[in-house]
Amino acid sequence: MEQYVIKGGSPLYGEVEIGGAKNSALAILAASVMTDETVTIENLPNVRDINVLLQAIEEIGAKVERVDAHKVMISGSSIQDVTVDNEYIRKIRASYYLIGALLGKYKKAQVALPGGCEIGSRPIDLHIKGFRAMGADVDIAHGLVCAEATGLKGTHIYLDKVSVGATMNIMMAAAMAEGKTVIENAAKEPHVVDLANFLNSMGASIRGAGTDVIRIVGTDKLHGTEYSIIPDQIEAGTFMFAAAAAGGNVLVKNVIPKHLEATTAKLLEVGCTIEEFDDAVRVISSGKLTHTQVTTLPYPGFPTDMQPQMAVVLAIAEGTSTITESIFENRFRYVDELTRMGASIKVESNIAIITGVEKYTGARVNAPDLRAGAALVIAGLCAEGVTIIDDIHYVERGYEDFEGKLRGIGAQMEKVCSDKELQKFILKVS
Ligand code: EPZ
C-alpha cells in the first residue's frame with residue numbers, strides 16, 4: 001500500500017507550478033460529449049479522478065485520444081450508450097456531470113449514483129430538481145440515476161442552496177434545452193465560469209456565470225472547440241498554506257490571483273507576507289503565525305476545500321482560533337489525526353476551536369479524504385521527526401505529483417510502496 005513519508009522541519013524555498021483545476025476539468029470533460037465534433041482540452045491535471053472520468057467517457061463509446069498527460073481529444077460522434085456504471089465511476093463525485101451532459105445531448109442518461117469524499121451526506125436533490133423543472137423524468141433505481149425527456153424546455157430554476165455541482169449540471173442540460181433557462185442563487189466559483197466559457201466556445205449561449213443569476217438560451221447543436229482549463233486555485237492555496245506553516249519563501253506560479261483572494265486575506269491575517277504578480281503569488285512566512293477566525297462560504301468566501309489546510313496552520317499558531325464549516329456537515333474528520341501529531345482542537349457541531357501549540361510531532365496517520373490528506377502532509381512538513389501517511393490514494397485524486405512538487409521546494413518527502421523503501425528513507429534522513 002503506498003504511503004507518504006515526510007521528515008519535518010525544513011522550511012520551503014523555491015518555485016512551484018500549479019496545474020489545471022480538477023473541479024473545472026471534470027465538468028468540462030463531461031460536457032465534451034455534448035457535440036459529435038472533436039473537442040481538444042489542454043492543461044488537464046493528470047490525477048486519478050480525471051482518468052476515471054475519461055475511462056467512463058470512453059466506455060460509452062466516445063473516441064478519447066490522450067495526446068499527452070495534460071491534453072486530450074474527445075469525439076462524441078461514436079457514443080452508443082448513455083448508461084455509465086462501473087466500480088470506478090461510483091467512487092467519484094463528478095460522475096453526476098454526465099447526467100446533465102447526456103440528458104442535454106441525448107435526452108437520456110443512466111449514471112451510477114455519485115461517490116466522492118465522505119465529508120457529508122452529499123445529496124443530489126438540487127440537480128434532480130433542475131432536471132425535472134426542465135421536463136425530464138428522473139428516478140433513482142438500482143444505484144443509478146435514470147433521467148429521460150421527450151424534450152427539455154428552458155425554465156426558471158431557484159436553487160434552495162448554493163451548489164457548485166447542481167449549478168454546473170443544470171447549466172449543461174439547459175445549454176441544449178429548448179428556450180431560455182434562468183438559474184437563480186447559482187454558485188459563482190471560478191470553475192462555474194470556466195464551464196460556461198467552455199460551453200460558449202462550443203456555440204452555447206450562457207450569460208452571467210460568476211454571478212448568482214445565470215441566463216442560458218438553449219441550442220440544438222454544439223460544435224467542437226479547443227480549450228485550456230483554468231489553474232487550480234485549491235492546489236495553489238494548498239501550496240500557499242504549506243509555505244505558511246513550514247516557513248520559507250515560495251513563488252506559486254500559473255495562478256489567477258483574483259481566485260485566491262480569500263486565501264491570501266487569511267494568510268495576511270495570520271502574519272504571512274504576500275506578493276501578487278499577474279500569474280503568480282509569493283508567500284513569505286517565518287513559520288511563527290498568529291490566530292484568526294475563519295468561516296467557510298461559497299465563492300468568493302473562504303473555500304471549504306481549504307478548510308483542513310487552514311486548520312493545520314492555525315493549530316501551531318499563537319493563540320486560540322475558530323473555524324466554522326458552513327458547507328459540509330462532516331469535514332473535521334482530520335482532527336483526530338492531527339491530534340495524534342500534537343494538535344489541540346475541540347470540535348463542537350460545525351465549529352472547531354483550535355488552541356495553538358508549539359509544534360507538531362511526527363506520527364503515523366491516515367488521510368480521511370482528499371483535502372484532509374493534503375493538510376496532513378502540510379502538518380508532516382512542520383512536524384518534529386518523521387510522519388507516515390496512509391490512504392494517500394485520496395490525495396492522488398486531486399494532486400498531481402504532490403510529493404515531487406513539494407520536494408522541488410525543499411521538502412524531505414517520498415512516496416513509498418514497501419516497508420523496505422520506508423526504512424530506507426528513514427535511514428537516509430536520520
Ligand atoms: C464541489 O462539490 C466540489 N467537488 C467539492 O470539492 C467542493 O468542496 C464543493 O463543490 C463546494 O465548493 C467537485 O467539483 C467534484 P456542492 P459538490 O453541490 O458539487 C449541498 C474537492 O475537495 N447539496 O456545492 O458536491 C451539499 O450537501 C471536493 O475537490 C445539496 O443539499 O458541492 C453541500 O452541503 C470536495 N443538494 C452544499 O450543498 C444537492 O443537490 C454544497 O455542495 C447538491 C448539494
Q) Working out 0.36 nm times the residue gap between A141 and C417, then minus their Cα-Cα distance, what length gain in nm do you get to one decimal? A) 95.4 nm
**Q.** Segments 251-259, 102-110 sorted - mean Cβ within 10 Å per residue, highest first
**A.** 102-110, 251-259
Q) Say we join alpha carbon atoms closer than 10 Å with springs in a Gaussian network model of the chain; which of A245, A174, A265 then has the biggest fluctuation? A) A265
Q) Roughly speaking, what is the centre-to-centre gap between region 43-111 and region 360-408 when only Cα atoms are used, to the nearest Å? A) 29
**Q.** Cβ-Cβ FRET estimate between S430 and R364, R0 fixed at 22 Å, reported to 0.05
**A.** 0.85
Q: Quick one: pull the percentage of alpha-carbon pairs in region 92-205 with a separation above 22 Å.
A: 25
(Q) Taking R0 as 22 Å, what FRET efficiency do you get between E148 and K180 from their Cβ-Cβ distance, rounded to the nearest 0.05? (A) 0.50
Q: Select from G319, A246, P11 the residue farthest towards the positive end of the dipole of the chain; place +1 on Cβ of Lys and Arg, -1 on Cβ of Asp and Glu, and compute about the Cα centre.
A: G319
Q. Could you give the alpha-carbon Rg of the chain over 2.2 N^0.38 Å, rounded to two decimals?
A. 0.98
**Q.** Debye log10 I(q)/I(0) at q = 0.13, 0.18, 0.23 Å⁻¹ for region 1-84, Cα point scatterers
**A.** -0.50, -0.77, -1.09
Q) Simple spin-label model, 7 Å along Cα-to-Cβ: E261 to D220 in nm? A) 4.2
Q. Out of residues 5 or more away from G154 or on other chains, whose amide H comes under 5 Å of its own, with H placed 1.01 Å from N in the peptide plane?
A. E178, G179, K180
Q) If you plug each phi of region 225-232 into the Karplus form 6.51 cos²θ - 1.76 cosθ + 1.60 with θ = phi - 60°, what whole-Hz ³J(HN,Hα) values come out, in order, with x for Gly and Pro? A) 6, 10, 8, 10, 5, 5, x, 7
Q. Dividing the alpha-carbon Rg of region 238-294 by 2.2 N^0.38 Å yields what?
A. 1.02
**Q.** Between region 166-198 and region 248-312, the alpha-carbon center distance in angstrom
**A.** 28
Q) How many Å³ per residue does the convex hull of the Cα positions in region 320-376 occupy? A) 75
Q) Can you pull the three principal axis extents for the Cα set of region 298-392, in Å, largest first? A) 36, 30, 22
Q | Cα gyration tensor shape of region 113-177, rounded if a/c is under 1.5, else prolate or oblate by comparing a/b with b/c | A | oblate
(Q) Cα atoms only: what Rg and Dmax, in Å, come out for region 175-236? (A) 12.3, 39
Q: Starting from the Cα of E318, step 7 Å along the direction of its Cβ; do the same at D212; then give the gap between the two resulting points in nm.
A: 3.9
Q: Can you tell me which of 47-58, 190-201, 130-141, 303-314 comes out highest on packing, and rank the rest after it, using the mean Cβ neighbours within 10 Å?
A: 303-314, 190-201, 47-58, 130-141
Q: Calculate for the chain the 222 nm mean residue ellipticity that helices alone would give, adding -39,500 (n - 2.57) per DSSP H run of length 4 or more and normalising by residue count, nearest 500 deg cm²/dmol.
A: -9000 deg cm²/dmol
Q: Could you tell me which of rounded, prolate or oblate describes region 143-207, using a ≥ b ≥ c as the square roots of the eigenvalues of the alpha-carbon gyration tensor, with rounded for a/c under 1.5 and, failing that, prolate when a/b is larger than b/c and oblate otherwise?
A: rounded
Q.
Using only the Cα atoms of region 336-430, what semi-axes does the equivalent ellipsoid have when each is the square root of 5 times a gyration tensor eigenvalue? Give whole Å, largest first.
A. 24, 16, 12
Q.
If amide hydrogens are placed 1.01 Å from N in the peptide plane, which non-local residues have theirs closer than 5 Å to the one on G116?
A. I92, R93
Q.
Please list, ordered by chain and number, the residues whose modelled amide H lies under 5 Å from the amide H of V84; skip anything fewer than 5 residues away on the same chain.
A. Q110, V111, A112
Q: Treat each spin label as a single point 7 Å out from the Cα along the C-beta direction, and report the D81 to N46 distance in nm.
A: 2.8
Q: Read phi for every residue in region 419-430 and hand back ³J(HN,Hα) as whole Hz from Karplus 6.51 cos²θ - 1.76 cosθ + 1.60, θ = phi - 60°, with x for Gly and Pro.
A: 4, 4, 5, 4, 5, 4, 5, 5, 5, 4, 8, 8
Q: For region 19-32, just list the computed ³J(HN,Hα) in residue order, Karplus coefficients 6.51, -1.76 and 1.60, θ = phi - 60°, integers in Hz, with x standing in for Gly and Pro.
A: x, x, 6, 4, 6, 8, 4, 4, 5, 5, 4, 4, 5, 5
**Q.** Computed Kirkwood radius, in angstrom, where 1/r is averaged over Cα pairs of region 68-108
**A.** 11.9
(Q) For K7, give me every one of the lysines with a C-alpha distance below 17 angstrom, ignoring sequence neighbours fewer than eight places off in its own chain. (A) K359, K405, K415, K420, K424, K428
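Bear in mind these aren't lab numbers, they're just calculated from the coordinates by the rules spelled out. Source: prediction; values computed, not measured. Neighbour counts are summed over all protein chains in view; Cβ atoms, including those assigned to glycine, are modelled from backbone coordinates with ideal geometry.
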